[in-house]
Amino acid sequence: MRKILVTLLIVVAGLSTLTAQKTSSKFKPEGKWQFEAPSAPEGYTFGSMEVTFADKKYAALMGLPGGGDYKLPGDQVKFENGELTFKLYIEGEEILISLKPEGNDKMTGKAVYSGGDIPLTCNRDKEKK
């Protein structure tokens with residue numbers, strides 16, 4: 001009986017791992033997002049982000065409040081192993097962005113720069129039909 005119970009637990013654990021991998025592989029970061037970074041310096045605490053995929057490459061543009069139509073382009077944009085990563089350059093500073101999905105409409109992560117790490121939260125824009 002004990003052997004059967006142990007075997008059953010191993011099978012259930014294995015299936016839940018496969019299910020988690022399957023879910024994260026279906027996530028698509030493409031779309032429009034709103035980000036929040038409450039601990040960032042003033043003027044950088046919120047904004048928008050757009051992620052696109054064309055010609056087998058990802059691209060990211062970030063917009064900050066007060067920037068009008070100007071968007072900061074992401075450099076070396078990748079979505080690998082369930083993580084979206086790219087670099088931005090703001091006022092001569094290199095910022096490394098890394099985000100992981102939490103469901104289909106939310107990503108969390110951080111922005112890393114010479115002053116430290118800043119937590120980021122991105123929520124997908126809900127397009128009105």
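Read-outs throughout are calculated quantities, based only on the coordinates presented, and are distinct from any laboratory measurement. Owing to the predicted nature of the structure, the values given are computational and were not obtained by experimental measurement. Backbone-built Cβ (ideal geometry, glycine too); neighbour counts: all protein chains shown.
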> Quick one: length gained pulling K26 to F53 fully straight, 0.36 nm per residue minus the C-alpha distance?
Replying inline: 8.3 nm
>> What distance in nm separates the two pseudo spin-label positions at D75 and E91, each 7 Å out from Cα along the beta-carbon direction?
In response: 1.8
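Quick check on region 28-124: what does the Kirkwood estimate of hydrodynamic radius come out to from the alpha carbon pairs, in Å? Intermediate results must be reported in sequence, preceding the final value.
Numbers: mean 1/r = 0.0749 Å⁻¹.
Averaging 1/r across every pair of different Cα atoms and inverting gives 13.4 Å.
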